[in-house]
1. Just in segment 267-363: which chymotrypsin sites (Phe, Trp or Tyr not before Pro) are loop by DSSP and have at most 16 other Cβ atoms within 10 Å?
2. Given the C-alpha atoms of segment 330-450, compute the convex hull and give its volume per residue in Å³.
3. When Rg is the radius of gyration of the Cα atoms in segment 106-178 and Rh is its Kirkwood radius, what does Rg/Rh come to?
4. Taking θ as phi - 60°, what are the ³J(HN,Hα) couplings along segment 69-74 by the Karplus curve (6.51, -1.76, 1.60), each to the nearest whole Hz, with x for Gly and Pro?
5. Beta carbons within 10 angstrom, averaged per residue: use that to sort the peptides 48-60, 170-182, highest first.
6. Grab the Cα-Cα distance for Trp223 and Asp52, subtract it from 0.36 nm times how many residues apart they are, and report the gain in nm with one decimal.
7. Stokes-Einstein at 37 °C, 0.692 mPa s, Kirkwood radius from Cα pairs: D for segment 188-322 in µm² s⁻¹?
8. Explain nothing, just the number: relative contact order of segment 232-389, from Cα pairs under 8 Å at least 6 residues apart, as a whole percent.
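What follows draws every value from the coordinates through simple rules; no lab data is involved. No experiment lies behind these values; they were computed from the predicted model shown. Cβ atoms come from the backbone with ideal geometry, glycine included; neighbour counts cover every protein chain shown.
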Amino acid sequence: MKRVNFSTLMAASALLITGAVQASSEPAKLTQAVDAITASWSSTETNLERHDLLAERPALIWLWAGSGYDKQFNSPRGHQLAVSDVTTILRTGSGEKSASCWTCKGPGSAKLIDELGENGFASRSFAEVGSDMTVSVGCKDCHAEGDYALQLPRPHAQKAMAKIHMPFAEQNKRMQGAQTCGQCHVTYYFQPEQANRVNIPWIFGSSADLIEKYYDTRQFYDWIHPISGAPMVKARHPEFEHWSRSAHAELGVTCITCHMPEQKDANGRAFHDHNVSHTWQNFDGACSGCHDSETQLKQQVANRKQQINQARTEVEALLVKAHAEAGALTEARVSFSEMGAALMDIRHAQWRWDFATSSHGVHAHNPKEGLELLAVAKRQATMARARLEVLLDKYPDAKVVYPDLSSKAAAHKAIGFDEAKAQAQKEAFLAEKVKGKWPSVTSLSQSQSQ
Ligand code: HEC
Ligand code: HEC
Ligand code: HEC
Ligand code: HEC
């Protein structure tokens with residue numbers, strides 16, 4: 001059952017007000033479209049459905065142990081929920097972390113980056129700037145005021161597009177539209193030497209191999225895996241990257257074609273549907289020129305999804321064991337240098353697995369790339385285990401215990417994470433710091449209980 005909660009209504013009404021103010025300064029012609037657009041944009045508040053991905057795949061908890069993602073990880077849902085979801089999720093704890101976590105949640109972050117500079121913004125804490133995040137993903141994230149020209153307000157995104165030789169200002173409207181999505185639907189890391197500001201690691205290019213080359217050259221790691229001791233890197237929703245190498249991208253079929261297809265308003269004027277969602281919205285308008293059968297296409301996507309799920313399950317099983325085996329060797333005091341090659345194989349395999357699977361919709365966006373990455377990840381994870389086996393033979397004192405990952409609770413127990421305690425701390429933070437103080441997050445426990 002879908003249920004609209006108070007916080008989303010608040011966010012929606014804030015948007016309606018913004019829309020109305022902007023509309024009044026527009027030529028009459030645009031006003032109608034802006035009303036319809038604003039209504040469709042606000043309606044993402046009804047895209048409430050989400051999945052608890054850690055419950056669906058408890059192995060993720062073991063693979064991401066110590067990274068923060070082991071605490072809570074959900075599928076994405078409506079843009080109107082971005083501010084309240086990031087506030088209530090266990091990963092942001094009591095708000096001590098960097099304000100960088102706000103970067104992709106709404107126009108408030110771009111405004112503050114403008115005022116404080118990138119490092120100034122990133123060096124504030126998440127809690128410190130929460131009350132400035134008044135609007136969840138909104139018009140100004142993609143449009144200039146006044147004429148609604150497309151824009152990229154985030155400096156990290158502008159720099160990234162320039163790095164891959166696609167500077168925003170020089171792109172046609174289609175690519176500019178895709179780049180507005182790519183500000184947020186893209187992989188990133190927090191730059192430790194720059195106050196943890198957001199950076200998109202496309203220095204050599206945007207493929208998994210070239211990003212890995214950059215991380216390896218810099219000897220960068222997001223976190224040290226507490227079980228195996230491997231220096232890990234985390235991929236984060238690289239939708240833009242996968243799509244940019246697809247047959248669709250080549251043909252100019254972009255995120256906008258599929259997720260914001262054109263519609264007509266009450267007066268027959270065309271506008272882009274701003275209810276961005278994960279549903280198949282407009283086969284006839286957007287796809288039927290090149291594809292004949294909707295049923296067939298849906299079946300094809302479902303098949304690809306199944307293939308990807310199968311491949312990822314195999315890689316996950318290998319990586320779970322590899323971390324446990326390396327952990328046993330570490331406990332038996334085998335040196336890091338002796339295990340180095342195996343730990344690097346774990347790092348590289350998990351990076352590719354993550355790059356393929358943390359991208360929501362890879363089965364629709366670029367299944368070929370997803371499957372290729374998983375095939376390489378499988379080889380690398382197998383190689384890691386072969387190296388570890390040699391060491392386990394050499395050091396018989398090392399006793400491997402494989403974890404019980406049969407449920408989310410069992411997996412949390414295996415890594416020593418107390419979910420109930422973290423939840424209680426979160427509730428206290430929300431009650432003390434957030435409720436009644438952060439305008440777009442007023443009724444948090446409700447949005448979380450979804
Ligand atoms: C300012 C950052 C930002 C921008 C710009 C942005 N998104 Fe999102 N998007 C998010 C976040 C954050 C979520 C997850 C919200 C949640 O789960 O609370 C999300 C969720 C989604 C979802 C899931 C929706 C659902 O109902 O399941 C889709 C699809 C999506 N975005 C596509 C797009 C497309 C296409 C564009 C460009 C037109 C775009 N996004 C632009 C941040 C952004
Ligand atoms: C050819 C059409 C097409 C293009 C182009 C496209 N998408 Fe998608 N996208 C889909 C489909 C179809 C799904 C849902 C797959 C399914 O039903 O499982 C999806 C899923 C998603 C999801 C996951 C939604 C969820 O709730 O899990 C996100 C996020 C997303 N797309 C963002 C983007 C972004 C950002 C771009 C551009 C960089 C893009 N898409 C380009 C068709 C497209
Ligand atoms: C995630 C990015 C994004 C957000 C947020 C967004 N838009 Fe758009 N908007 C687009 C894109 C992309 C287009 C299509 C531009 C093109 O190709 O002509 C568009 C088109 C428009 C147009 C031109 C008419 C049309 O539909 O083609 C207007 C007006 C507009 N948007 C208003 C708004 C308003 C008002 C809001 C906030 C309620 C908003 N947009 C939020 C990306 C966005
Ligand atoms: C301009 C032509 C064009 C349009 C418009 C278009 N597609 Fe495609 N699509 C292609 C081409 C070309 C391929 C690649 C065919 C191949 O490689 O076999 C493709 C492949 C696909 C695939 C298969 C991906 C895979 O490898 O399994 C899916 C799914 C898909 N399209 C969905 C959509 C959807 C959904 C829309 C509309 C929202 C759409 N397409 C619009 C041209 C288009």
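1. Here the sparse-neighbourhood loop sites are Trp280.
2. Once divided by residue count, the hull of segment 330-450 is 184 Å³.
3. 1.01
4. So the J values, rounded to whole Hz, are 5, 5, 7, 7, 7, 10.
5. 170-182, 48-60
6. Difference between extended and current length: 59.3 nm.
7. 176
8. 33
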